[in-house]
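First comes the structure, then the notes that go with it.
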Amino acid sequence: MVNYSTCPDNELILLLKEGNDAAFREIYLRYDKLLYLYAYKKLRNREEAKDVVQDVFTWLLNNRTEIYLTGSLSGYLYKAVLHKIFDIFKHKGIIRKYAESGEYHIEINPTETDYLIREKDIAALIEREIAAMPSKMREIYILKRKNFLSTKEIAEQLRISEHTVSTQLKRALKHLRVKLGILVYILWIMKM
């Protein structure tokens, strides 16, 4: 009889792919609580964290014959949980809250389609917040960040004082930090 608790993850995955329910049970026992704590730390909601972990394990069981790991099982499971969390945030429209937490870190190959979709979603969110600024603030922000004009050049072009330009830029930056969270805003500025 096999002692599943001593099996390495890669062996458990092979057994799971063969339909071994005991291997699935061991994977579940090994990672259930860890994944729950990870999800809870991100979501701050017990029920949602439980649901996310349950969804990941349900998917794992239902798709066991199609699983192909390029890395570790733990990395695969944590990444699956994180994707479910992203879906929740996207659904609720609170990606800002997650970005403000500053606890996001996962290695994602930038060529992955999912990553590119999320990047476009964040860019669209930022553009919506820029569009929601008062017209003069938006105009000044665009001239500064997208047209790369100096404060003096903006003041001359709009026939206003440099102090007014500086004040409007500070307000625009504060607006974006509040609406998007500092992490998303910093990533956006670095990309420009």
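The values are calculated or read from the model by the stated rules, or taken from the named source; none is laboratory data. Since this is a predicted model, take the numbers as computed values, not measurements. Ligands, DNA and RNA are excluded from the accessible area calculation, which covers all protein heavy atoms including side chains. Shrake-Rupley method; radii C 1.70, N 1.55, O 1.52, S 1.80 Å.
Split the accessible area of the range 126-165 by element, probe 1.4 Å, and carbon with sulfur accounts for 50%. Extension gain, LYS174 to ALA124: 0.36 nm times the residue separation minus the Cα-Cα distance gives 16.1 nm.
Here the extension length gained between SER150 and ASN20 equals 40.2 nm, from 0.36 nm per residue of separation less the Cα-Cα distance.
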